[in-house]
């Protein structure tokens with residue numbers, strides 16, 4: 001593996017993002033700065049598996065799986081996804097000349113597969129393979145723009161609720177980095193926990209329940225970014241330990257406020273506290289390389305494969321569940337969903353997701369050529 005110190009900058013000040021980009025390309029000796037993409041893919045595989053487990057356990061009709069649902073694996077998987085997203089997003093600015101190129105690549109990372117998922121959903125509804133949504137055009141438009149939660153229309157593909165949060169993270173990171181460089185990321189890492197404290201206090205004082213789960217997903221991405229900065233030698237051990245400790249403490253309090261002090265119709269307090277704690281622990285253990293027994297190679301290879309197709313697995317497994325549900329239940333339902341989701345996800349990754357990513361890169365290269 002290529003050993004680099006993935007520092008995202010040495011220059012501070014407004015408009016210094018390009019200087020940071022130049023600095024980060026320099027190869028450094030192996031050590032704390034080595035970027036372990038394999039472990040990131042393994043974590044993605046675990047996260048995708050956890051989300052699928054949540055949904056198939058809920059829909060299988062097997063009463064013996066209640067204990068899995070009490071662990072809230074879906075929440076665990078989503079939190080882990082956002083921790084990973086924060087860790088890898090600094091890598092996305094390598095070779096990117098400005099914020100427009102960054103935005104273009106981010107859009108082409110998410111939207112080609114998202115549009116394919118909605119197109120597949122619509123086609124299956126038209127063919128009668130899935131129940132029709134009976135939704136007017138503006139509901140489809142809001143869902144395609146990922147605005148369904150903001151304009152209060154039904155979600156046609158429920159798992160897309162996380163994508164607006166992902167784009168919000170891309171925006172926060174991009175604004176901080178391209179306006180202020182490394183100093184902007186430091187300010188963001190200080191301002192967000194302070195803002196969390198303020199929101200927690202406001203929620204308690206005004207007796208208003210705030211969506212701390214979603215707000216916390218952005219915080220998780222921020223902590224992932226901090227872990228990347230630590231891995232690159234940009235911040236020290238003391239700062240990362242303080243950042244992680246404050247994150248865990250604040251999210252425990254925020255979840256208590258959202259699901260303990262207030263209530264949620266579907267999520268109890270332990271459904272929030274336990275998966276947030278476990279996802280954070282797994283992420284920190286994996287990236288700080290605390291020595292654990294290595295899993296058998298076939299498990300590791302399986303998780304690597306799942307990690308590489310994880311976005312396709314995440315978006316497409318609910319569609320497969322809808323197809324299978326009329327024909328199977330119980331264990332047969334679980335086996336059929338997993339058996340169909342994996343090849344479909346591999347095909348969509350190979351022929352939709354990867355070409356979409358490459359299209360974004362090609363457009364960035366074309367912009368650079370025209371500008372030159």
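The values are calculated or read from the model by the stated rules, or taken from the named source; none is laboratory data. Computed from a prediction, not measured in an experiment: that's the story for all the values here. So basically every Cβ, Gly included, is an ideal-geometry build from the backbone, and we count neighbours across all protein chains shown.
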**Complete:** Contact list, first residue from region 283-299 and within 20 Å of residue 78 (Cα to Cα), second anywhere and at pLDDT below 75 and loosely packed, with under 10 Cβ neighbours inside 10 Å, beta-carbon distance below 8 Å, six or more apart or interchain, is 285/292
**Fill in**
Of all helices (runs of 4 or more DSSP H) fully inside region 268-372, the set with 1 or more residues that are at pLDDT 90 or above and over 22 Å from the mean Cα position of the chain (by Cα) is 269-287, 310-324, 330-348, 354-371
**Request:** With respect to residue 213, determine if the residue is surrounded by 17 or more Cβ atoms within 10 Å (Cβ to Cβ), under 29 Å from residue 174 (Cβ atoms) and touching a helix residue (DSSP H, G or I) at 6+ places or on another chain (Cβ under 9 Å).
**Result:** yes
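Confirm whether residue 257 is over 23 Å from the mean Cα position of the chain (by Cα) and modelled with pLDDT of 95 or more.
On the way: over 23 Å from the mean Cα position of the chain (by Cα): yes; modelled with pLDDT of 95 or more: yes.
It is true that residue 257 is over 23 Å from the mean Cα position of the chain (by Cα) and modelled with pLDDT of 95 or more.
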**Message:** Quick check on this structure: which one of 253, 248 is touching a residue at least 12 places away in the same chain (Cβ under 8 Å), under 14 Å from residue 192 (Cα atoms) and surrounded by fewer than 19 Cβ atoms within 10 Å (Cβ to Cβ)?
**Reply:** 248
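State the number of residues belonging to region 310-353 that are closer than 14 Å to residue 112 by Cα and either touching a strand residue (DSSP E or B) at 6+ places or on another chain (Cβ under 8 Å) or surrounded by 16 or more Cβ atoms within 10 Å (Cβ to Cβ) (or both). Can you show your working first?
Residues of region 310-353 closer than 14 Å to residue 112 by Cα: 311-312, 315-316, 345, 347-353.
Narrowing the set further to residues that are either touching a strand residue (DSSP E or B) at 6+ places or on another chain (Cβ under 8 Å) or surrounded by 16 or more Cβ atoms within 10 Å (Cβ to Cβ) (or both) leaves 311-312, 315-316, 345, 348-349, 352-353.
Summing the residues that are closer than 14 Å to residue 112 by Cα and either touching a strand residue (DSSP E or B) at 6+ places or on another chain (Cβ under 8 Å) or surrounded by 16 or more Cβ atoms within 10 Å (Cβ to Cβ) (or both) in region 310-353 gives 9.
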**Prompt:** How many of the residues in region 230-245 are without any contact (Cβ under 8 Å) to a residue 24 or more places away in the chain and out of contact with any helix residue (DSSP H, G or I) (no Cβ under 6 Å at 6 or more places or on another chain)?
**Reply:** 7
**Complete:** Of (1) surrounded by fewer than 16 Cβ atoms within 10 Å (Cβ to Cβ); (2) free of Cβ contacts under 8 Å to residues at least 60 places away in the same chain; (3) under 17 Å from residue 311 (Cβ atoms), residue 146 satisfies every one except (1)
**Residue pairs meeting the criteria (Cβ under 6 Å; at least 6 apart or on separate chains; first on the phi < 0 side of the Ramachandran plot and touching a residue at least 24 places away in the same chain (Cβ under 8 Å), in region 206-218; second surrounded by fewer than 11 Cβ atoms within 10 Å (Cβ to Cβ) and not in a helix (DSSP H, G or I))** = none
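Looking at the structure I just gave you, is residue 229 more than 15 Å from the chain's Cα centre (by Cα), over 12 Å from residue 253 (Cβ atoms) and surrounded by 12 or more Cβ atoms within 10 Å (Cβ to Cβ)? Walk me through it before giving the result.
Working: more than 15 Å from the chain's Cα centre (by Cα): yes; over 12 Å from residue 253 (Cβ atoms): yes; surrounded by 12 or more Cβ atoms within 10 Å (Cβ to Cβ): yes.
Criteria met by residue 229.
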**Fill in**
Across (1) more than 30 Å from residue 288 (Cβ to Cβ); (2) crowded, with 17+ Cβ neighbours inside 10 Å; (3) at pLDDT below 95, residue 89 clears everything bar (1)
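Do we find that residue 223 is assigned to a loop (DSSP other than H, G, I, E, B) and within 21 Å of residue 91 (Cα to Cα) in this structure? Walk me through it before giving the result.
Numbers: assigned to a loop (DSSP other than H, G, I, E, B): no; within 21 Å of residue 91 (Cα to Cα): yes.
No: the conditions fail for residue 223.
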**Fill in**
For region 102-129, the count of residues that are free of Cβ contacts under 8 Å to residues at least 60 places away in the same chain, over 17 Å from residue 143 (Cα atoms) and assigned to a helix (DSSP H, G or I) equals 1
**Asked** Here are some conditions: (1) in a loop (DSSP other than H, G, I, E, B); (2) within 23 Å of the chain's Cα centre (by Cα). Residue 135 meets all but one. Which one does it not meet?
**Response** (2)
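For region 184-203, indicate whether the set of residues that are over 22 Å from residue 248 (Cβ atoms), surrounded by fewer than 14 Cβ atoms within 10 Å (Cβ to Cβ) and at pLDDT 95 or above is non-empty.
Taking region 184-203 first, the residues over 22 Å from residue 248 (Cβ atoms) are 184.
Narrowing the set further to residues that are surrounded by fewer than 14 Cβ atoms within 10 Å (Cβ to Cβ) leaves none.
No - not one qualifying residue is present in region 184-203.
For region 149-162, which positions are touching a residue at least 12 places away in the same chain (Cβ under 8 Å) and assigned to a loop (DSSP other than H, G, I, E, B)?
Let us first name the residues in region 149-162 that are touching a residue at least 12 places away in the same chain (Cβ under 8 Å), namely 149-150, 153-162.
149, 150, 153, 154, 155, 156, 157, listed by residue number.
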**Asked** What single numbered condition from (1) modelled with pLDDT of 95 or more; (2) surrounded by 20 or more Cβ atoms within 10 Å (Cβ to Cβ); (3) at positive phi fails to hold for residue 223?
**Response** (3)
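Those residues that are under 23 Å from residue 234 (Cβ atoms) and either within 20 Å of the chain's Cα centre (by Cα) or at pLDDT 95 or above (or both), I need them from region 167-182; list them, please. Steps first, answer last, please.
Restricting attention to region 167-182, the residues satisfying the condition of being under 23 Å from residue 234 (Cβ atoms) are 169-182.
Of everything in region 167-182, those that are under 23 Å from residue 234 (Cβ atoms) and either within 20 Å of the chain's Cα centre (by Cα) or at pLDDT 95 or above (or both) turn out to be 169, 170, 171, 172, 173, 174, 175, 176, 177.
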**Prompt:** Any residue at all in region 47-62 that is surrounded by fewer than 18 Cβ atoms within 10 Å (Cβ to Cβ) and farther than 19 Å from residue 159 by Cα?
**Reply:** yes
